[in-house]
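Below you'll find the structure, written out as structure tokens, and then a few comments.
The values are calculated or read from the model by the stated rules, or taken from the named source; none is laboratory data. Since the structure is predicted, the reported quantities are computational estimates derived from the model, not experimental observations. Here the Cβ positions follow ideal geometry from the backbone for every residue, glycine too, while neighbour counts run over all protein chains shown.
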Amino acid sequence: MSKNLVIVESPAKAHTIEKYLGSDFKVLASVGHIRKDTKVDKSTFDVTYEIDPGHKSIISELKKEVKSANKIWLATDEDREGESISWHLCEVLNLPKNTARITFHEITKPALENAIKNPRTVDMDMVASQQARQTLDMLVGYDLSDIVRKKVPGAISAGRVQSPALRLVVEREKEIEKFESKFNFKITGEFSKSSDVFSASFDGKAPENEEAACELLGKLSKAEFKIEDIEEAEGTKTNPTPFTTAALQIEANSKLGFSSRTTMSAAQGLYQAGLITYHRTDSLNLSSQAIGAISGYIKDNFGEKYLKVRSFKTKDASAQEAHEAIRPTNIANLNAGKNDYEKKLYKLIWARTMATQMANAKVAKTTIKISNDFVAKGEVIVFDGFLKVYGNAKDSELPKVKKGDKLDCLKIVARQTFAKPPARYTEGSLVKKLEELGIGRPSTYASIMTAIQARGYVVKGESEGEEREVVEIVAEKGKISSTKIKEKFGANKGKLVPTPIGELVSGFLTDNFKNIVDYKFTANIEKDLDLVADAKLERVKMLKDFYGPFHDTVLVANGVERYNNARLLGHHPETGQPIYAKVGKNGGFIQLGDNEKEAGEKPRFAPLPKRKSVKTVNLDQALKQLDLPALPRVLGKAPDGEELIANSGPFGPYLKGGKYNIPMKDFDPYTVTLDEALPLYQAKVDSIIADWGEIMIINGAYGPYIKGPGRRNNVKVPKEIDPKTITKKQAEDMLANKPKTARRGTRGGAKKKTAKKKK
């Protein structure tokens, strides 16, 4: 019998904690929430909870251990979600209200021992705040999703916090569509002094057409150049602040290419293993012990001159999710983590934490002014400071020259340069914008990014851009020549791009639910939730103040017409039939003719042109799309005699070859050729290890697996088994005996109603 039972959320966290607490403590995991909310009373806002079916065996084990333990310790995470889990454990396990609740920012022996010495009870104000957030999201989610599905073709659902995030992405896309890409000619010169060669930029008015650029280069090619002035100044590069949750997601996206979900998953693994402090935090604070350890490491490994001790204060008064920034628990550990994601993220956290306590970098900046409006700028790192561990320390040196020195002009280049439209959001930059607007909290950013993509409202771009010709004029050795070179523009790879349905949903919400997508309104709700957590606002009052007006808006929106945003582009020049741009459940499309019920015949359909939306496509572009060949398109035959057919379905373009449907995301089904399709078909054929009709063995992206009849009926082939030796009978047995995973969100179990209000 264990004298002490400690309950945490995750088995990984339990394993780490048990190492430190000794034999008198047994640590078990609830494996997240043991109950889920299933219904909200819209007049009293009481919530009905039920046991999660997948947690029944876990609860049985916890009840058994509770009976035999002398003392119970609730050690769930220190944020509101963790507080709520502790409260649910008290309710389900029938624990007394004075059950010890302990929190800690890191899973280390000193932190755990300190927590055991300073227990408290469950903070019911924090629980009320979490309940208020969850109730809000349920009410908005149910009502909003129901009406969005009715009114917007292709819509799945809508959420309270995800909707403003979607609006940001859609508004940015509109800015890009409206952007007029003007150009001018950027001029650079290549100069030399003795054997030193360096570049300088023209600082005068840039020519706006080719003729003016040629005229200016003609004048400059005959001019003499000399040094008119030299300015030297010393500057500093300031070290960064410690990582908050949002800052970590932003930086991991920028430097490592991680999605928010990947970052948080890796951070959770590091935290549960005791390698970093709690990873959901708004705080910039570092403990005095941590600063002492970091300072000692810097002095021992880099020297006193690299040390600059700093304390950081969190500007936002509502930062309550934790009390310390994200940092390594042991700064002497340079590398840690069980997989590549965790190792890379740990290295980033280590370097950033070190940099916060290191001296600023010092740089020498030089500006050389050259006659005829040319300027050269250089920078030399005088002292690298924090750049030694974090950031770039690159020199851009200029030659030693003095005022009055004459220069040889080797060549002058004028290049046609287009203005760039506003940049699309990445996951990192969208998180940064949400944080600036006060929307969401550390624990919600990753789920927001996941939700808007999972619903099909936003996708990550895959385009490397298009090619365009730009004019480059060169003046060299007394001659002026003009050529056209190619450059890429409009790349959206990895950027967040709204789908036609996403644009439609956002438009509907903006027109009918202004508060839901209003940035200030959503941020104020976050402030109200903070007030509930601080016992300065009553939960039910907050919910009533929100839900009353919201429900009235839902009733009004129920009466609006179906929201299609269809545009009449014009009429076909030969048949006179109307041509529309519309949005359906699979996205935007062109329609020739009215609907069958009205016209008596089926209309013709064509896809929208690339990079065009329902709002931006014009009649000429639509006519070209309608001239495309009809789908499905027969391309020809493969060497084995199978006919290859290009088509498009609900999941995008695909190639049909015999009984195989092969995704074709990099090709347009209207223009793909037989030569382009053959390698796709052959790769599919080569991936089939065995084929018994409904059962096949396939070599997939993650190794060989057995595919059975129906959807999601797959089982991975174990590494120790050669897939080529598996018989049909063995394959059938492996499918029949594959591990069963409990589906999340299934309902069942006893229901229990909450008490009306805490305390």
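No other residue among Asp552, Asp530 is surrounded by fewer than 13 Cβ atoms within 10 Å (Cβ to Cβ) and not in a loop (DSSP other than H, G, I, E, B) apart from Asp552. Look at region 542-569: where a residue is closer than 26 Å to Asn524 by Cβ and a partner is part of a helix (DSSP H, G or I) and small (Gly, Ala, Ser), sitting 6+ places away or on another chain with Cβ atoms under 9 Å, you get Met542/Ala132; Leu543/Ala132.
Looking only at residues in region 440-457 that are touching an Asp or Glu at 6+ places or on another chain (Cβ under 7 Å) and of a type outside the set (D, E, K, R), the one that is surrounded by the most Cβ atoms within 10 Å (Cβ to Cβ) is Met449. In region 665-682, the qualifying residues are those that are within 26 Å of Lys716 (Cβ to Cβ) and touching a strand residue (DSSP E or B) at 6+ places or on another chain (Cβ under 8 Å), and the one that is modelled with the lowest pLDDT is Lys665.
Of the strands (runs of 3 or more DSSP E) that lie entirely inside region 642-737, those containing 3 or more residues that are farther than 25 Å from Leu628 by Cβ and either among the β-branched types (Val, Ile, Thr) or more than 33 Å from the chain's Cα centre (by Cα) (or both) span 688-691, 696-700.
Can you name every residue in region 35-75 that is among the acidic types (Asp, Glu) and assigned to a loop (DSSP other than H, G, I, E, B)? Passing the criteria: Asp41, Asp46, Asp52.
The set of residues from region 210-234 being farther than 30 Å from Val382 by Cβ and either outside any helix (DSSP H, G or I) or not hydrophobic (A, V, I, L, M, F, W, C) (or both) comprises Glu210, Glu211, Glu215, Gly218, Lys219, Ser221, Lys222, Ala223, Glu224. Looking across Ser181, Ser254, one residue alone is under 40 Å from the mean Cα position of the chain (by Cα), at pLDDT below 95 and in a loop (DSSP other than H, G, I, E, B). It is Ser181. For region 200-209, a tally of residues being assigned to a loop (DSSP other than H, G, I, E, B), in contact (Cβ under 8 Å) with a residue 12 or more places away in the chain and closer than 16 Å to Asp373 by Cα returns 4.
Under the condition of being aliphatic (A, V, I, L, M), under 16 Å from Leu680 (Cβ atoms) and exposed (fewer than 15 other Cβ atoms within 10 Å of the Cβ), the residues counted in region 622-662 number 1. Taken across region 222-243, residues that are within 26 Å of Ile448 (Cα to Cα) and in contact with a Lys or Arg (Cβ under 7 Å, 6 or more places away or on another chain) do occur, with at least one present. Looking at Ala630, is it more than 30 Å from Arg455 (Cβ to Cβ), touching a Gly at 6+ places or on another chain (Cβ under 6 Å) and small (Gly, Ala, Ser)? In short, no. The residue list Tyr547, Tyr563 contains one member that is crowded, with 16+ Cβ neighbours inside 10 Å, among the hydroxyl-bearing types (Ser, Thr, Tyr) and not in a helix (DSSP H, G or I), which is Tyr563.
Scan region 701-713 for residues that are over 11 Å from Glu732 (Cβ atoms) and either surrounded by 14 or more Cβ atoms within 10 Å (Cβ to Cβ) or at pLDDT below 85 (or both) and the total you get is 8. Evaluate region 9-27: report whether one residue or more is more than 32 Å from the chain's Cα centre (by Cα), of a type in the set (A, V, I, L, M, F, W, C) and within 30 Å of Leu543 (Cα to Cα). Checked region 9-27: no residue is more than 32 Å from the chain's Cα centre (by Cα), of a type in the set (A, V, I, L, M, F, W, C) and within 30 Å of Leu543 (Cα to Cα).
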